[in-house]
Amino acid sequence: MTISGNARIAGIMGWPVKHSRSPRLHNFWLDHYGIDGVYVPFPVEASGLEAALHVLSKLGIAGVNVTVPHKERAFRIVDETDETARRIGAVNTITVAGDGHLAATNTDSYGFTEALRARAPGWDPASGPAVVFGAGGASRAILVALQDLGVAEIRLVNRTRERAEALVDELGVPLIAVPWAERESALQDVGLLVNTTTLGMQGQPPLELGLDDLPEAAVVNDIVYAPLHTPLLRAAGQRGNIVVDGLEMLLHQARPGFRAWFGHKPEVTEALRRFVTEDLL
Ligand code: ATR
């Protein structure tokens, strides 16, 4: 890796930030493309976020990703947001413009869509309803992506029903809130199933879900990436469904930021997946 006095600098602000895989993946790309630049973790507490963002331009930093717990707060601090970020109500990618103002977007929807394109190229948004589990921040970005893809019916299943109903009210058609108790019958006729809950993550219980009603042609996407093969993906894979793991979305959501800060559109390759996966074992 080359880091000269002229190096471009970007990074990620989070609290805690030490578990973030973003430094590993951006620095892989910097090395791979021979770019004079560096991507570093910035451990920033909530109380320090505003000051940290406002100092970026003074330090000559090209931009940052923001992660938990900063995505919603950062949305309110930056100078400019795009329509996707406004629909999601959160940002994850901030670029420092030439005059120092902060322009932000949310690339999670893009990451989700590109992950499906890459790993389930045969999936057709018109193939049937989609069912989405979970109504947190990650879910919002995915629901916006599914709306943009033109899915005609999106069934939103969440343990806390009011949270699903609030999201349905906010985002509108074609969302429908489905009670948690009806999660298995909600699988009927779907073309896509997405888990955005924390169930199945290391140290968490699995998502208890009988897949008998799930069509064999449905694609199953779990955005949990630690472990890479969640109990849901294993069960779906064993019955012949095409599965998409959470690493793919993580890698694709990073691409627009890298391009904006370092001037090169990076590709998601098997070598990158292997490099980031080594860190997940
Ligand atoms: P993120 O921003 O990453 O999406 P989040 O906002 O904490 O995270 O959302 C976590 C999601 O996982 C929520 O949909 C949550 O359901 P509730 O809204 O009912 O809290 C879901 N979740 C977490 N633990 C769960 C469990 N044991 N059973 C069912 N759903 C669970």
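Residues checked against (1) more than 21 Å from Arg140 (Cα to Cα); (2) hydroxyl-bearing (Ser, Thr, Tyr):
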position	(1), (2)
Asn195	no, no
Gln202	yes, no
Val220	no, no
His229	yes, no
Asn241	yes, no
Thr277	yes, yes
Within the range 59-73, residues in contact (Cβ under 8 Å) with a residue 40 or more places away in the chain and over 17 Å from Gly111 (Cβ atoms) come out as Leu59, Gly60, Ile61, Ala62, Pro69, His70, Glu72
Among the residues of the range 193-228, the number that are within 17 Å of the chain's Cα centre (by Cα) and on the phi < 0 side of the Ramachandran plot is 17
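State all residues of the range 164-184 that are hydrophobic (A, V, I, L, M, F, W, C), within 15 Å of the ligand (Cβ to nearest atom) and surrounded by 14 or more Cβ atoms within 10 Å (Cβ to Cβ); if no residue qualifies, say none. Working first, answer last.
Going residue by residue through the range 164-184, those that are hydrophobic (A, V, I, L, M, F, W, C) are 164, 166-168, 171, 173, 175-178, 180-181.
Filter once more, keeping what is within 15 Å of the ligand (Cβ to nearest atom): 164, 166-168, 171, 175, 177-178, 180-181.
Hits for the range 164-184 are Ala164, Ala166, Leu167, Val168, Leu171, Leu175, Ala177, Val178.
Suppose the filter is more than 16 Å from Asp222 (Cβ to Cβ), within 14 Å of the ligand (Cβ to nearest atom) and either buried (at least 18 other Cβ atoms within 10 Å of the Cβ) or hydroxyl-bearing (Ser, Thr, Tyr) (or both); does Gly128 pass it?
Considered against the rule, which asks whether it is more than 16 Å from Asp222 (Cβ to Cβ), within 14 Å of the ligand (Cβ to nearest atom) and either buried (at least 18 other Cβ atoms within 10 Å of the Cβ) or hydroxyl-bearing (Ser, Thr, Tyr) (or both), Gly128 comes out as no.
Restricting attention to the range 185-220, and to residues there that are of a type in the set (Ser, Thr, Tyr) and within 15 Å of the ligand (Cβ to nearest atom), which single residue is surrounded by the most Cβ atoms within 10 Å (Cβ to Cβ)?
Thr196
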Cβ pairs under 8 Å, 6+ apart or interchain, first in the range 258-275 and under 22 Å from Thr93 (Cα atoms), second at pLDDT below 95 and hydroxyl-bearing (Ser, Thr, Tyr), ordered by first then second residue, are none
Scanning the range 263-281 for residues that are in a helix (DSSP H, G or I) and loosely packed, with under 14 Cβ neighbours inside 10 Å gives Glu270, Ala271, Arg274
Log entry, pairs with first residue in the range 151-172 being free of Cβ contacts under 8 Å to residues at least 60 places away in the same chain and part of a loop (DSSP other than H, G, I, E, B), second being away from the ligand (no atom under 14 Å from the Cβ) and not aromatic (Phe, Trp, Tyr), beta carbons closer than 6 Å, six or more apart or on different chains, reads Val151/Pro125; Val151/Ala130; Ala152/Pro174; Glu153/Pro129; Glu153/Pro174
Would you be able to say whether some residue in the range 135-149 is outside the structural domain of Thr84 (by TED's automatic domain parsing), assigned to a helix (DSSP H, G or I), of a type in the set (Gly, Ala, Ser) and surrounded by fewer than 18 Cβ atoms within 10 Å (Cβ to Cβ)? no
Exception for Leu143 within (1) within 23 Å of Val17 (Cβ to Cβ); (2) within 16 Å of the ligand (Cβ to nearest atom) falls at (1)
Of the listed residues (Ala62, Ala104, Ala118), the one being over 19 Å from Pro266 (Cβ atoms) and either within 13 Å of the ligand (Cβ to nearest atom) or among the aliphatic types (A, V, I, L, M) (or both) is Ala104
Flagged in the range 63-80 as surrounded by fewer than 21 Cβ atoms within 10 Å (Cβ to Cβ) and among the aliphatic types (A, V, I, L, M), in numbering order, are Val68, Ile77, Val78
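Any residue at all in the range 228-244 that's among the hydrophobic types (A, V, I, L, M, F, W, C), without any contact (Cβ under 8 Å) to a residue 12 or more places away in the chain and out of contact with any helix residue (DSSP H, G or I) (no Cβ under 6 Å at 6 or more places or on another chain)? Before you say what the answer is, go through the steps one by one.
Restricting attention to the range 228-244, the residues satisfying the condition of being among the hydrophobic types (A, V, I, L, M, F, W, C) are 228, 232-233, 235-236, 242-244.
Filter again for without any contact (Cβ under 8 Å) to a residue 12 or more places away in the chain, leaving none.
Checked against the condition, which is being among the hydrophobic types (A, V, I, L, M, F, W, C), without any contact (Cβ under 8 Å) to a residue 12 or more places away in the chain and out of contact with any helix residue (DSSP H, G or I) (no Cβ under 6 Å at 6 or more places or on another chain), the range 228-244 yields no hits at all.
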Contact list, first residue from the range 133-146 and closer than 16 Å to Thr113 by Cα, second anywhere and assigned to a strand (DSSP E or B) and near the ligand (Cβ under 9 Å from one of its atoms), beta-carbon distance below 9 Å, six or more apart or interchain, is Ser139/Phe133; Ser139/Asn158
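The values are calculated or read from the model by the stated rules, or taken from the named source; none is laboratory data. Because the structure is a prediction, the values reported are computed rather than measured. In this analysis, Cβ positions are derived from the backbone assuming ideal geometry, glycine residues included, and neighbour counts consider all displayed protein chains.
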